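Below: one structure, written as structure tokens.
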Amino acid sequence: MKHPERDEWIPFLYGEASADTRRRLEEHLQNCPECAREIAAWQRATARLGNWQLKQPAKPAVTRAPARLLKWAAAAVVVLGLGVAIGRSSAPRVDTQALRAEIEPSVRAAIASDLGKQFATALTAARAEDRQAVITLLQEMQRQHAADYFALRKDLETVASMSEEEIRRAQQNIYRLTALSQSTQ
Amino acid sequence: MGGKQWLTSLLTMTDEQAMWRVQNQDDHEAFARVVERWEQPIWRLCTRLTGDAHRGEDIKQEVFARIYAKRKDYRPDLRFSTWLWRIALNLCYDELRRNKRHATHLVDGEEGEGLEALPAAHDGPDGETVRSEEGALVRRAVLQLPEIYRTVLVLRHYEGLKLREIAEVLEVPEGTVNSRMAEALARLSRMLEPQLDRRPKPDQPHPLMTL
């Protein structure tokens, strides 16, 4: 008996074969116990696939921090991150120390109260100019609020190579964020 | 379709529309919408391909980071989901390849694909519910398939992609998808029912039984 090629069974099994093909293969199944047995085995196997269910891992506890706090956290990260880069370039355009001193206490209070110790720790590390800690912080925040921080992370990771124009623009962003957070206090 | 549904579908941005806004206006809201819509399916894919829910989570985040980073590269003549699946698969393959180099113990010695030693049939890594012994069995079988077969199986049976969509994602002809799927099903059925091979084989070579 001539058997259909193995690959031909797949569109048939998934209801994507033409009417003619379907009829031909159905007829073959009726007359060929070997193919019928194999195809039946495939069908039993696929029927069992549904038993492998996944459970979504529990999201970290803090997933719904208010937007205001997120902006605070973002401001803190940007300020501290840029503090590193600006320290490396020739003449800082802004007194990041002063800016940091101004923002940081309320940031830390807000963050510590709602987002836990992890951020306070990261801030301390960042003050020691450990960029990795800042990036880790950002990754953690990304975990919780994916879309908000992609652009920010990208900026941070290229901050060392920023041109003066870019730094100037970023500083404007800081002021904007600062103003925004002050207005929402 | 009910009136409300129709209206909702009218007002819902398609992925392609959302990506246009992300590309041209850096629209984070639109991007968040896309992530919300796709993060579960992508997580499921990455978890089933790597066999590990936490690795699946890490790869998933990398997928969306990359989508955003490469947003300017997306061309709207390609369906967004095709592009998305493709990126996810490539990152999963990178991960599987990384593991291969460090694998010290392969499952059953045969088609382990470099996975770390799988736990006993009843346990799954944290975060995965293996509701029953049956689920564990199926999981183990699928994870033992070589990745090219595992991929088509997962895309079809767990994510519901049509055969043609799978061909688009993988950038192969449909015939190739069919052939990989047939191989996947043949191997899977033998893993789940080992006694299949103990039946007397026909004298003539049979196209279905080419293992």
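Readers should treat all values here as calculations from the given coordinates under stated rules, not as data from a laboratory. Note that the coordinates shown come from a computational prediction; the quantities given were computed from them, not determined experimentally. No Cβ is skipped: glycine too gets one built from the backbone with ideal geometry, and neighbour counts run over all protein chains shown.
Going by average Cβ neighbours within 10 Å, how do the peptides B:143-154, A:38-49 rank, with the highest at the top?
On the way: B:143-154: 21.8, A:38-49: 17.2.
Listed from highest to lowest mean packing, they are B:143-154, A:38-49.
Shielding value for B:157-170 is 1, the average number of Cβ atoms from other chains within 10 Å of each residue's Cβ. Dividing the Cα radius of gyration of the range B:22-105 by its Kirkwood radius returns 1.03 for Rg/Rh. Counting beta carbons within 10 Å around each of B:Ser189, B:Ser179, A:Ser18 and listing the fewest first gives the order A:Ser18, B:Ser179, B:Ser189.
Across peptide A:39-45, the average count of Cβ atoms from other chains found within 10 Å of a residue's Cβ is 6. Computed from phi, the 3J(HN,Hα) profile of the range B:43-55 under the Karplus parametrisation 6.51, -1.76, 1.60 (θ = phi - 60°) reads 4, 4, 4, 5, 5, 6, 6, 8, x, 9, 5, 6, 5 Hz, with x in place of Gly and Pro. For the peptides B:82-92, B:24-34, A:26-36, residues were scored by their other Cβ atoms within 10 Å and the scores averaged per peptide; the highest-first order is B:82-92, B:24-34, A:26-36.
Taking every residue in B:32-38, how many Cβ atoms of other protein chains lie within 10 Å of its Cβ, on average?
Numbers: counts 5, 1, 1, 4, 2, 0, 0.
Whole-number average of other-chain Cβ neighbours for B:32-38 is 2.
Taking the number of Cβ atoms within 10 Å of each Cβ as an exposure proxy, the fewest-first ranking of B:Lys60, B:Lys70, B:Lys162 is B:Lys70, B:Lys162, B:Lys60.
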